[in-house]
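The values are calculated or read from the model by the stated rules, or taken from the named source; none is laboratory data. Values in this document were obtained by computation on a predicted structure and should not be read as measured data. Every residue, glycine among them, receives a Cβ derived from its backbone with ideal geometry; neighbour counts consider all protein chains shown. For the accessible areas, the whole protein counts, side chains as well, though only heavy atoms, and no ligand, DNA or RNA atoms are used. Shrake-Rupley method; radii C 1.70, N 1.55, O 1.52, S 1.80 Å.
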Amino acid sequence: MIKLVASDLDGTLLLNGAQKLPEELFPLIRELKKTGILFVAASGRQYANMKRLFEPVLEDMAFICENGALAFLNEELLYESAFEENLAREITETIYAKEGAEFSYSTRDFYYMMPKTEHYRSLMVDVVKNRCKIVENFEEMKEPCVKIAVYERGGVTEESIRFWREKFGDRCTVVTSGFDWVDFIPFGTNKAKGIRKFQELLNVAPEECVAFGDEYNDIEMLQSVTYGFAMSHAKPGVKAVAPYEAPAVLPVLRKIIDTKGKTEEVF
């Protein structure tokens, strides 16, 4: 029996740059709960942003945020993974010094930013609607950092990914998180960390779990469950580790609900 379903957001539930979830998703989350299945949103996004997106069903689900650095159930913080302060400072200073690169410095409650362009400020605040605090210097960033992201308008190139991995790949995890983004997260922190926490809390085994993803920051999550789905448009490395593939999440959720989570009828 399926007891937990986890899904990435951007590129999985949110397609083609969408910033609003499909309305049909919310009744499905409620139906999953009635069937005894917990729905977990697992994203590189901040908690405040994810709560806004899922506002109609906040009491019916759980959250893995900042690529696994934070997890919440019923508004309770289950754990928090943070960077060593000097490393976080070095990464953000390096990003800020690189031409064409912008950073977001994630804390539990908001992002610190020092936007170089109005485009980036508007993207983060007006389009994606993150909770942000814009500062003028690094000394103003005092809260523990759980994730750092670098944004490069027009898309992150292989050369850029190689640059960031050579700089910091021996001190933290450096992973692509979409077309324009590379994320830096503490070693041992990923979406699977959140999945394992919920498996432990709910006494749920991997063979009772389903997960959906499309990017390299989803790989550990897909490997932490028996029924891992790569989206049809997922990166090749993601498809390589996922035993299943799907063009969309919602039809699979409907099948899980219709079969009451019976794995032999779903897969």
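Worth a mention:
- Sites Ala97 and Leu58, calculated FRET efficiency, Cβ-Cβ separation with R0 45 Å, nearest 0.05: 0.70
- Heavy atoms of the protein chains alone define the surface here; on that basis region 1-97 has 40 Å² accessible area per residue at 1.4 Å probe size.
- Fully extended contour minus Cα-Cα distance, from Leu201 to Asn86, at 0.36 nm per residue: 38.1 nm
- Per-pair calculated FRET efficiency, R0 = 25 Å: Thr157 and Leu250 via Cβ, rounded to 0.05: 0.15
- Over the residues of the chain, the helix contribution to mean residue ellipticity at 222 nm works out to -8500 deg cm²/dmol, using -39500 (n - 2.57) for each DSSP H run of at least 4.
- Entries of Lys129/Lys235; Lys3/Lys129; Lys147/Lys193 with Cα pairs more than 24 Å apart: Lys129/Lys235; Lys3/Lys129
- Ranking Asp109, Asp8 by solvent-accessible area of protein heavy atoms (1.4 Å probe, all protein chains present), from largest to smallest, gives Asp109, Asp8.
- Carbon plus sulfur fraction of accessible area for region 1-151, probe 1.4 Å, in percent: 48 percent
- Amide proton proximity set for Glu245, modelled H, under 5 Å, gap of 5+: Ala230
- Qualifying trypsin sites (Lys or Arg not before Pro) for region 173-267 [loop in DSSP, other Cβ within 10 Å: at most 14]: Lys260, Lys262
- Out of every Cα-Cα pair that region 1-121 contains, those further apart than 16 angstrom amount to 67 percent.
- Rounded, prolate or oblate (a/c below 1.5 giving rounded, otherwise prolate when a/b exceeds b/c) for region 227-266 by Cα gyration tensor: oblate
- q = 0.20, 0.25, 0.28, 0.29 Å⁻¹, region 43-94: log10 I(q)/I(0) [Debye, one scatterer per Cα]: -0.72, -0.93, -1.06, -1.11
- Region 133-267: C-alpha gyration tensor shape, a/c 1.5 cut-off, then a/b vs b/c: prolate
- Debye, to nearest 20: dipole size of the chain, +1 on Lys, Arg Cβ, -1 on Asp, Glu Cβ: 420 debye
- Relative intensity of region 10-66 on a log10 scale, I(q)/I(0) at q = 0.14, 0.30 Å⁻¹, equals -0.35, -1.41, per a Debye sum over C-alpha point scatterers of equal strength in the absence of solvent.
- Evaluated at q = 0.07, 0.11, 0.12, 0.17 Å⁻¹: base-10 log I(q)/I(0), Debye formula over Cα of the chain: -0.23, -0.57, -0.68, -1.35
- Using the Karplus relation 6.51 cos²θ - 1.76 cosθ + 1.60 with θ = phi - 60°, the per-residue 3J(HN,Hα) values for region 148-153 come to 10, 10, 10, 10, 10, 4 Hz, with x marking Gly and Pro.
- 4 °C / 1.567 mPa s Stokes-Einstein diffusion coefficient of region 115-180, Kirkwood radius on C-alpha pairs, µm²/s: 94 µm²/s
- Annotation for region 1-61: trypsin sites (Lys or Arg not before Pro) lying in DSSP loop with at most 16 further Cβ atoms inside 10 Å of their Cβ are Lys20.
- Spin-label model, His119/Leu77: points 7 Å from Cα along the beta carbon direction are separated by 3.5 nm.
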